[in-house]
Amino acid sequence: MAQEKEHSGYLPGHLLVAMPQMSDPRFARSVVFLCAHSADGAMGLVVNKIVGSVKFNELLRQFDIDAPTGGDAMEVYFGGPVESGRGFVLHTPDYEAEGTMRVDDRFALTASLDILRSIASGKGPAKALLALGYAGWAGGQLDGEIQANGWLNVPADHELVFGHDNDHKWSQAAAKVGIDLSLLSSAAGHA
């Protein structure tokens with residue numbers, strides 16, 4: 001495992017920014033946080049698309065967890081098309097429970113009800129993002145999509161991942177590496 005982290009071709013803890021020509025509508029204008037990436041495949045969470053039909057407090061009530069007073073504490077994100085009924089919490093590493101996976105020294109991932117109880121009671125991580133479903137790639141699949149210019153690789157930071165300006169995360173993420181996506185065409189052609 002240590003060798004994989006040293007391999008510069010693997011990108012856990014980075015963001016993938018969908019290029020304008022992304023043909024899959026589920027990922028058009030998406031920003032995906034890569035939770036895991038190795039020779040075996042990759043797993044990530046879309047961090048800029050809200051699931052409008054699901055509210056955090058409603059989700060808590062479904063699991064018999066007392067919801068915090070004062071409205072919804074968190075937005076619920078579309079994490080990706082795989083296992084869309086399963087929840088994942090991407091968060092700062094100041095919270096750790098059984099089953100928490102450390103992505104790097106800035107981010108961790110937990111997929112248990114314990115973290116929802118902790119968040120609801122005010123004892124959760126400093127920053128967190130709740131996503132339903134995830135994006136998954138088989139071994140080599142994501143690498144091929146990146147090489148085919150389907151995705152732009154961008155270093156992740158808390159502001160981009162946990163920020164609430166979801167309408168602009170796509171362009172802000174690309175701007176972080178000096179790219180203005182509005183100048184790129186979404187159509188390929190020949191001159």
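Every number in this text was worked out from the coordinates using simple rules, so none of it is lab data. Worth saying up front: this structure is predicted, and the values here are computed from it rather than measured. Using ideal geometry, Cβ is built from the backbone for each residue, glycine included, and neighbour counts are taken over all protein chains shown.
Of the set (1) more than 21 Å from Ala18 (Cβ to Cβ); (2) part of a loop (DSSP other than H, G, I, E, B), all apply to Gly80 but (1).
Restricting attention to region 101-122, the residues that are in contact with a strand residue (DSSP E or B) (Cβ under 6 Å, 6 or more places away or on another chain), assigned to a loop (DSSP other than H, G, I, E, B) and under 24 Å from Val54 (Cα atoms) total 1. In the set (1) in contact (Cβ under 8 Å) with a residue 60 or more places away in the chain; (2) closer than 15 Å to Leu45 by Cβ; (3) surrounded by 17 or more Cβ atoms within 10 Å (Cβ to Cβ), the condition left unmet by Ala174 is number (2).
Of the residues that make up region 131-153, is at least one without any contact (Cβ under 8 Å) to a residue 60 or more places away in the chain, loosely packed, with under 14 Cβ neighbours inside 10 Å and either among the acidic types (Asp, Glu) or in contact with a strand residue (DSSP E or B) (Cβ under 8 Å, 6 or more places away or on another chain) (or both)? Looking through region 131-153, none of the residues is without any contact (Cβ under 8 Å) to a residue 60 or more places away in the chain, loosely packed, with under 14 Cβ neighbours inside 10 Å and either among the acidic types (Asp, Glu) or in contact with a strand residue (DSSP E or B) (Cβ under 8 Å, 6 or more places away or on another chain) (or both).
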